[in-house]
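> Submitted below is the structure of interest, expressed as structure tokens.
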Amino acid sequence: MPSTSTAQAESRLSWETKLHGLRRLPHRFAAFIVTMHPFLWIGLFVVFPLVVLGSMTVFGSRAAVAYVIVCACLWLMVWFSSAGFKTNHYLLDPEHRTLVITPEFDDPDTQRFATVTGTDERTVNIDEVDSLHLICLVERKTATG
């Protein structure tokens with residue numbers, strides 16, 4: 001079950017998000033797609049597949065096979081990249097004006113890949129942020145009695 005827990009130590013605020021399981025897969029997909037730059041997203045998911053599909057007029061049925069392969073590769077990229085949104089730890093440090101985001105991976109190979117590519121931990125300078133939107137993905141029901 002996905003959860004969000006919050007703890008405050010000194011002047012720092014920390015919380016974590018958990019989006020595990022098949023029911024939260026669309027949330028992870030959406031989180032990955034939203035974090036992509038719009039030009040990159042449009043280029044990869046709209047322009048590139050349309051160019052490959054349009055090449056059918058020149059190359060015939062071979063381009064149709066390439067189109068299926070391109071679409072499958074794009075979906076696999078989204079599938080595997082969304083794993084970085086299963087568990088994330090956040091640390092807001094007002095003193096240093098930073099937000100540190102640390103993903104936690106289930107697979108050691110994925111953890112090593114994230115470390116090598118530099119996606120294992122991100123530090124955001126709060127001074128460079130214009131606005132912040134926190135979106136609640138799961139509504140918690142509390143028992144009243």
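The values are calculated or read from the model by the stated rules, or taken from the named source; none is laboratory data. Quick caveat, the model's predicted, so the values are computed rather than measured. Positions of Cβ are backbone-derived with ideal geometry, glycine not excepted, and every protein chain shown enters the neighbour counts. Protein only, heavy atoms only, side chains kept; ligands, DNA and RNA dropped before computing areas. Shrake-Rupley method; radii C 1.70, N 1.55, O 1.52, S 1.80 Å.
> Please state which one of THR98, THR115, THR119 is modelled with pLDDT of 85 or more and surrounded by fewer than 16 Cβ atoms within 10 Å (Cβ to Cβ).
Within the list THR98, THR115, THR119, the selection yields THR98.
> Return a yes/no flag: does segment 136-143 have any residue that is at pLDDT 80 or above, closer than 24 Å to LEU13 by Cα, exposed (fewer than 13 other Cβ atoms within 10 Å of the Cβ) and more than 16 Å from the chain's Cα centre (by Cα).
No, because not a single residue in segment 136-143 is at pLDDT 80 or above, closer than 24 Å to LEU13 by Cα, exposed (fewer than 13 other Cβ atoms within 10 Å of the Cβ) and more than 16 Å from the chain's Cα centre (by Cα).
> For segment 9-49, which positions are of a type in the set (Lys, Arg) and either open to solvent by less than 60 Å² (accessible area, probe 1.4 Å) or touching a residue at least 24 places away in the same chain (Cβ under 8 Å) (or both)?
Listed by number, the residues that qualify are ARG12, LYS18, ARG24, ARG28.
> So which of VAL58, VAL68, VAL52 ends up being modelled with pLDDT of 85 or more, open to solvent by less than 80 Å² (accessible area, probe 1.4 Å) and more than 17 Å from the chain's Cα centre (by Cα)?
VAL52
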